[in-house]
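S.K.: I am attaching a structure below and will ask some questions about it afterwards.
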Amino acid sequence: MDDLSQLLTEARNPATDNLDRLTTLELVRVLHSSDREAVAAVDPELPRIALAIDQIAARLEKGGRLFYLGAGTSGRLGVLDASECPPTYNTPPEMVQGVLAGGDAALRRSVERAEDDEWQGRLDLEAHGFTQADALVGVAASGRTPYVLGGMDYARELGAFTVGLSCVPDSPLGAAAEIAITPVTGPEPVTGSTRMKAGTATKLVLNMLSTGAMVRLGYVYGNLMVNVQPTNVKLRDRAARIVAAITGLKYDDAAILLRFAGSVKTAIVMSKLGIDRDAAEKRLAVARGRLRDALED
């Protein structure tokens, strides 16, 4: 059995030895300082994150999918990131998927033993129809979670693209991946509680991977989410404001055009180029959905 006490994520943090003796204000200052360490730990990994984004986007553009595989906090963060893609970018639910050890029940109630089943990581990917065309991001703060390593082995056997996201250098997960992203966050303020610094760094990296891929796919114009799905009052308002901002139309006129056009990008092309809905949709199709290309070609 591995000596887990040697992992950085399991080590004691000398800066918080007296955590329970601090005043509450001192306590939150220490925790906030710790959060800044997590942010700083991501900085050296930016070149590898960029490489991973380009590889992921290339597979998504060809019809592949992005999977996050993890257990505990790491897995839940993957599920969270995946679940935000459809409302933000109007992606089909299957494009970005989070697979969690223990299944959906583990989102609300911890199923810690599930992370020790290496074979189950493989089986869960099989159940989701994972293929060579897909990309897998294995997420494990410790870099040695058996469930995640089992899934990584399966992905490599298929020839799929793999990323290992962990917070421990020279980990088995990093060695198993084509690209290892390793923000070294060090010992946690509460020993072993990797939902803290490691969780924060993991969330930052996942944000970059999904956002970067969606930008590369043309789902963002400038900094506006032009692929947004207007499914509630807030998102309908946001969509109308996006159309108004890009076209120069007044808000009410933009809202009317949006209802007629059926999508933000179609509305913008119609207004900017003075063409009808059918022509705008055809132009976007030729541009593979990229608004900037549709407007400039």
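Computed from the coordinates by the stated procedures, all read-outs in this text should not be read as laboratory data. Everything numeric here is computed off the predicted structure, so don't read it as measured data. Ideal geometry is used to build each Cβ from the backbone, glycine not excepted, and the neighbour counts take in all protein chains shown.
S.K.: Using only alpha-carbon positions, what ratio does the radius of gyration of segment 112-248 give when scaled by 2.2 N^0.38 Å? Could you put the intermediate results ahead of the total?
M.R.: Values: Rg = 18.6 Å, N = 137, 2.2 N^0.38 = 14.3 Å.
Compared with the compact-globule rule of thumb, segment 112-248 sits at 1.30.
S.K.: Based on DSSP H runs of at least 4 residues, each adding -39500 (n - 2.57), what is the mean residue ellipticity at 222 nm of the chain after dividing by all its residues, to the nearest 500 deg cm²/dmol? Mind dumping the intermediate values first?
M.R.: Working: 12 runs with 153 residues, N = 297.
It lands at -16000 deg cm²/dmol.
S.K.: Then there's this: Write down Rg/Rh for segment 143-183, rounded to two decimals, with Rg from the C-alpha atoms and Rh from the Kirkwood relation over Cα pairs.
M.R.: On the way: Rg = 9.2 Å, Rh = 9.8 Å.
With Rg and the Kirkwood Rh in hand, the quotient comes to 0.94.
S.K.: So if we plug the beta-carbon distance of residue 50 and residue 256 into 1/(1 + (r/R0)^6) with R0 = 45 Å, what FRET efficiency do we get, rounded to 0.05? Working shown, then result.
M.R.: Working: r = 40 Å, r/R0 = 0.90.
Efficiency, from the Cβ-Cβ distance: 0.65.
S.K.: Hey, with R₀ at 45 Å, roughly what FRET efficiency would residue 245 and residue 25 work out to, going by the Cβ-Cβ distance, to 0.05?
M.R.: Working: r = 42 Å, r/R0 = 0.93.
E between residue 245 and residue 25, to the nearest 0.05, is 0.60.
S.K.: Can you compute the FRET efficiency between residue 190 and residue 80 using 1/(1 + (r/R0)^6), with r the Cβ-Cβ distance and R0 = 22 Å? Round to the nearest 0.05. Can you show the working numbers first?
M.R.: On the way: r = 21 Å, r/R0 = 0.97.
The formula returns an efficiency of 0.55 here.
S.K.: I've got another one for you. List the relative contact order of the chain as a percent without decimals, with contacts defined as Cα pairs under 8 Å and 6+ residues apart.
M.R.: On the way: 539 pairs, mean separation 57.7, N = 297.
This gives 19 percent for the chain.
S.K.: Looking at segment 1-107, which trypsin sites (Lys or Arg not before Pro) are in a loop (DSSP not H, G, I, E or B) and have at most 16 other Cβ atoms within 10 Å?
M.R.: Numbers: sites: 12, 21, 29, 36, 48, 59, 62, 65, 76; in loops: 12, 62, 65.
Sparse-neighbourhood loop trypsin sites (Lys or Arg not before Pro): 12, 62.
S.K.: Tell me, what ³J(HN,Hα) does each residue in segment 149-166 have, in order and in whole Hz, if you take phi through Karplus 6.51 cos²θ - 1.76 cosθ + 1.60 with θ = phi - 60° and put x for Gly and Pro?
M.R.: Listing the rounded values in order: 5, x, x, 5, 4, 5, 4, 5, 4, 6, x, 6, 6, 10, 10, x, 10, 9 Hz.
S.K.: Please work out which option in (1) 59, 25, 20; (2) 39, 23, 16; (3) 44, 20, 18 gives semi-axes √(5λ) of the Cα gyration tensor in Å calculated from these coordinates, and answer with its label.
M.R.: (2)
S.K.: Kindly identify segment 1-131 as rounded, prolate or oblate by the Cα gyration tensor criterion: order the square roots of the eigenvalues as a ≥ b ≥ c, call it rounded if a/c is under 1.5, otherwise compare a/b with b/c, prolate if a/b is larger, else oblate. Intermediate values should be presented prior to the final figure.
M.R.: Working: a/c = 2.05, a/b = 1.57, b/c = 1.30.
The shape class here is prolate.
S.K.: Multiplying the sequence separation of residue 293 and residue 109 by 0.36 nm and subtracting their Cα-Cα distance, what value in nm do you get? Could the numbers behind the result be given before it?
M.R.: Details: separation 184, 0.36 × 184 = 66.24 nm, distance 4.59 nm.
My answer for the length gained is 61.7 nm.
S.K.: For residue 282, go through the lysines and keep the ones whose alpha-carbon is under 16 Å away, minus same-chain ones fewer than eight residues off.
M.R.: Those lysines meeting the cut-off are 265, 272.
S.K.: For residue 68, enumerate residues with amide H under 5 Å from its amide H, sequence gap 5+ or separate chain, H modeled in the peptide plane.
M.R.: Placed amide hydrogens put 97, 98, 99, 137 under 5 Å from residue 68.
S.K.: Same structure, new question: If a/c stays under 1.5 just call it rounded; otherwise compare a/b with b/c (prolate if a/b is bigger, oblate if not). Do that for segment 222-267, with a ≥ b ≥ c from the square roots of the Cα gyration tensor eigenvalues. Kindly include the intermediate steps, with their values, before the conclusion.
M.R.: Details: a/c = 1.33, a/b = 1.07, b/c = 1.24.
It comes out rounded by the Cα gyration axes.
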